[in-house]
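To start, the structure itself, in structure tokens.
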Amino acid sequence: MAMHRPERVVYPNVMPYSKAKRFYNDTQVLPSPDLDDFIGMLNFYSEVEFYHDGKKYGLLLIIDNDKNEKLLSFYQWGDLESVQDYRSDDDFRENAHINGKLLKDIWDEIENIDYM
């Protein structure tokens, strides 16, 4: 499936096939997924996770087809008070945060990026 959609993240891959192929051909090493790859994982599988500073975080994709609406629900595992809801990939990318620090600014500190 990844070869038929090389620009999309397709489970179980954590980045698009075309990107992985470029990195592997250039360096023989695959990097960790970036924030856009993580969002791509979410859009394919609907449930993704990572760790930051020893804490587990999750992101769920909820789609209401009747209303043609999308909700991205970001939270710290086990902490219902931490839930942050976003209405689009761009909204999440630009505004999601951990303790006031934008996720996009601390992405290099993120570990164990995976599907749930």
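The values are calculated or read from the model by the stated rules, or taken from the named source; none is laboratory data. Quick caveat: nothing in here was measured; it's all calculated off a predicted structure. Counting neighbours? That spans all protein chains shown, and the Cβs are built from the backbone with ideal geometry, glycine included.
Residue pairs, Cβ under 7 Å, 6 or more apart or interchain, first in the stretch 64-86 and under 18 Å from M116 (Cα atoms) and without any contact (Cβ under 8 Å) to a residue 12 or more places away in the chain, second hydroxyl-bearing (S, T, Y) and surrounded by 14 or more Cβ atoms within 10 Å (Cβ to Cβ). List them.
V83/S73; V83/Y75
Restricting to the stretch 99-116, and then to whatever is among the aliphatic types (A, V, I, L, M) and under 12 Å from the mean Cα position of the chain (by Cα), can you tell me which residue is nearest to V48 (Cα to Cα)?
Step one: filter the stretch 99-116 for residues among the aliphatic types (A, V, I, L, M), giving 102-103, 106, 110, 113, 116.
With the extra rule that they be under 12 Å from the mean Cα position of the chain (by Cα), the set shrinks to 103, 110, 113, 116.
On the way: L103: 15, I110: 13, I113: 8, M116: 5 Å.
Applying the filter and picking the extreme gives M116.
Just give me the residues in the stretch 1-53 being in contact (Cβ under 8 Å) with a residue 24 or more places away in the chain and either at positive phi or among the small types (G, A, S) (or both), in sequence order.
S32, G40, D53
Show the residue pairs that are 6+ apart or on different chains and have beta-carbon atoms under 7 Å apart, the first residue being within the stretch 88-110 and under 15 Å from Y57 (Cα atoms) and among the acidic types (D, E), the second being at pLDDT 95 or above and not in a helix (DSSP H, G or I).
Final answer for the pair search is E109/H52.
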